[in-house]
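Have a look at the structure below, then the notes.
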Amino acid sequence: MGTKPVIPPPPLVCRTKQFDFSMRSYLMGVVNITPDSFSDGGCYFSRGKAVAHGIELAEQGADMLDIGGESTRPGATPVACDEEVQRVTGVIADLAKRVRIPISIDTTKAEVARRALDAGAEIINDVSALRFDPDMVRTAAHYQVPVILMHMPGTWGTMHNRVSYTDLMKEILSFLSERIACACRNGIAENNIIVDPGIGFGKAVTRDNVTILHRLGDLQELGRPILVGPSRKAFIGKLLDAEVMEREYGTAATVAVAVCNGAHIVRVHNVKAMRMAARIADAVIRA
């Protein structure tokens, strides 16, 4: 594993909770309201099922929830803005009344983000790092909420065409540094920025994703909370020859490695199991 010591960034302040990264790592539970997500497509496609699942994740120990209405898997069918709004806003409004943890909206569309924030979301998770919709940076600045900036080369259609890097971590750092600077120039407070190296997005399936986990500590020089999302992803399946729903043990290993190597937030599907893995990793690095 990496050798860099874990240096906690300043606390992250949401409307309903403050996250002190000097204390422990935090878990973001995933609620996909899509028929075609790679991990659980269709399982929570109705409003009632999605809300019930979000409540269950909160009860299992999730520190925040990430609500998405459009799949980000390679080859996924694009979702119109109105349809995405319809999928997520009711679920967010219901959950905001019933859980006491922040809710994140996983979208690249500014209008979806605005409607979700008005419904009760407190974080924007934009896998395009504010690039796909020119209004997104203004939306995040206006609402003054935390925003997650993820590394992904190119666009939905091209990100997997370029999976060869001269120096992977150097290029991720350069990309994220530029996106942080862009966000700050446009009125987003630096203390509201979270960075994500983009495991599975425009990366060679095993080599690059394993390298990111091994060298995650390199991202500490950005001075921002680090979020990683390894849960059930293809590189785990390839390493273990395991189908999607057989990747829990592999995911637990990646969660432990990520926390030991500097992750402050881990985005997961199975909160109950991954909470145990994260707590062991937290105990080890704080011993």
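Is it the case, given these coordinates, that A181 is closer than 22 Å to G202 by Cβ, of a type in the set (A, V, I, L, M, F, W, C), assigned to a helix (DSSP H, G or I) and without any contact (Cβ under 8 Å) to a residue 40 or more places away in the chain? Yes: the conditions hold for A181.
Remark: pairs (first residue in the range 139-157, at positive phi; second residue modelled with pLDDT of 95 or more; Cβ separation under 9 Å; 6+ apart in sequence or on different chains) = Q144/G187; Q144/I188; Q144/A189; Q144/N192. From the list A283, A263, A258, A253, the lone residue that is part of a helix (DSSP H, G or I) and within 15 Å of the chain's Cα centre (by Cα) is A258. Just the residues that are crowded, with 20+ Cβ neighbours inside 10 Å, touching a residue at least 60 places away in the same chain (Cβ under 8 Å) and either in a helix (DSSP H, G or I) or of a type in the set (S, T, Y) (or both), please, taken from the range 193-217. Across the range 193-217, the qualifying residues are L216, G217.
For G187, indicate whether it is part of a loop (DSSP other than H, G, I, E, B), of a type outside the set (D, E, K, R) and either within 21 Å of M64 (Cβ to Cβ) or modelled with pLDDT of 95 or more (or both). Against the criterion (part of a loop (DSSP other than H, G, I, E, B), of a type outside the set (D, E, K, R) and either within 21 Å of M64 (Cβ to Cβ) or modelled with pLDDT of 95 or more (or both)), G187 qualifies. Exactly one residue out of A141, A129 is within 18 Å of C184 (Cβ to Cβ) and in a helix (DSSP H, G or I): that is A141. Restricted to the range 105-116, and to residues there that are in contact with a strand residue (DSSP E or B) (Cβ under 7 Å, 6 or more places away or on another chain) and not β-branched (V, I, T), the residue that is nearest to L65 (Cα to Cα) is D106. Residues in the range 159-178 that are over 25 Å from I123 (Cβ atoms) and free of Cβ contacts under 8 Å to residues at least 24 places away in the same chain: 5 in all. The requirement of being within 17 Å of the chain's Cα centre (by Cα) and more than 22 Å from S231 (Cβ to Cβ) is fulfilled nowhere in the range 198-208; no residue meets it. Of the residues contained in the range 165-172, none is found to be closer than 23 Å to S104 by Cβ and in contact with a Lys or Arg (Cβ under 8 Å, 6 or more places away or on another chain).
Of all residues in the range 67-121, which are in a strand (DSSP E or B), within 18 Å of G48 (Cα to Cα) and not aliphatic (A, V, I, L, M)? G68 - this is the single residue of the range 67-121 that is in a strand (DSSP E or B), within 18 Å of G48 (Cα to Cα) and not aliphatic (A, V, I, L, M). Residues that are modelled with pLDDT of 95 or more and of a type in the set (D, E, K, R) were ranked within the range 54-82; the one that is surrounded by the most Cβ atoms within 10 Å (Cβ to Cβ) is D66.
The values are calculated or read from the model by the stated rules, or taken from the named source; none is laboratory data. As the structure is a prediction and not an experimental result, all values here were calculated from the model. Neighbour counts run over all protein chains shown; Cβ positions are idealised from the backbone, glycine included.
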